[in-house]
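What follows is one structure encoded as structure tokens, with my remarks underneath.
The values are calculated or read from the model by the stated rules, or taken from the named source; none is laboratory data. Source: prediction; values computed, not measured. Cβ placement follows ideal geometry from the backbone for every residue including glycine, while neighbour counts extend to all protein chains displayed. Surface accessibility is based on the protein's heavy atoms, side chains included, excluding ligands, DNA and RNA. Shrake-Rupley method; radii C 1.70, N 1.55, O 1.52, S 1.80 Å.
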Amino acid sequence: MPSTATVTCKIGPGNTLTTKLFSNVTSYHLDAPNEVLTLAYNDSMGQHIVDLDVSAGTTWTLTVSGNNYTLTVT
């Protein structure tokens with residue numbers, strides 16, 4: 001079942017996401033040694049994959065409600 005991810009982090013040099021909500025997340029992968037979170041999500045345009053720099057993330061919260069997972073990184 002698709003879930004949501006709310007993320008505040010760097011997405012590249014000089015670019016920062018501020019409380020970006022990704023809906024219909026189908027999977028996520030944390031590459032801990034490289035501090036990169038990869039999200040796969042769907043929207044009306046199809047499936048997307050985004051890599052997020054989570055090196056400055058100090059708080060990770062994973063909330064489970066029924067079959068829905070909400071991942072928050074700030």
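Every condition in (1) modelled with pLDDT of 85 or more; (2) under 11 Å from the mean Cα position of the chain (by Cα) holds for T72 except the one numbered (1).
Kindly indicate whether T38 is open to solvent by less than 80 Å² (accessible area, probe 1.4 Å) and at pLDDT below 85. The answer is no for T38. For region 53-74, the candidate set comprises residues that are open to solvent by less than 40 Å² (accessible area, probe 1.4 Å) and in a loop (DSSP other than H, G, I, E, B); within that set, the residue that is farthest from L37 (Cα to Cα) is G57. Looking only at region 41-52, residues that are more than 14 Å from A5 (Cβ to Cβ) and either of a type in the set (A, V, I, L, M) or open to solvent by less than 40 Å² (accessible area, probe 1.4 Å) (or both) come to 2 in all.
Put simply, of T26, T16 the only residue that is open to solvent by 60 Å² or more (accessible area, probe 1.4 Å), without any contact (Cβ under 8 Å) to a residue 60 or more places away in the chain, more than 10 Å from the chain's Cα centre (by Cα) and within 20 Å of V64 (Cβ to Cβ) is T26.
Of all residues in region 1-10, those being open to solvent by 70 Å² or more (accessible area, probe 1.4 Å) and over 21 Å from G46 (Cα atoms) number 1.
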